Amino acid sequence: MKYLDLLWASDWLRKYYPKYDSNELMLLVDDILKWLDEELPDDSSTLVYLKSLYRSPAEALLSVWKEIQLLMGAYWKN
């Protein structure tokens, strides 16, 4: 997985499927990217939640990346 591909895919979903802009998956991507950039405070409930689900930001991004690929389906190669 490439970080730029993830950003491109999330932008693509927001552009062509506006309903995904407020989708839980896109909100999760934003939170994971904040976790990756260390923008979340240590006492943040979001950080505690993410750490309860994933061992690392890399693992979280990989799982979200798989979901995005499923959503994009046939459009991925275009």
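Every number in this text was worked out from the coordinates using simple rules, so none of it is lab data. Treat the numbers as computed from the prediction; the structure is a model and nothing was measured. FYI the Cβ positions are ideal-geometry reconstructions off the backbone, even for glycines, and counts take in every protein chain you see.
Residue order for Asp11, Asp43, Asp5, fewest other beta carbons within 10 angstrom first, comes to Asp43, Asp11, Asp5. Considering only the Cα atoms of the stretch 3-77, their convex hull presents on average a projected area of 5.0 nm². With a Förster radius of 22 Å applied to the beta-carbon distance between Trp8 and Lys51, the computed FRET efficiency rounds to 0.25. Straight Cα distances below 13 angstrom link Lys66 to the aspartates and glutamates Asp5, with same-chain residues fewer than 8 positions distant left out.
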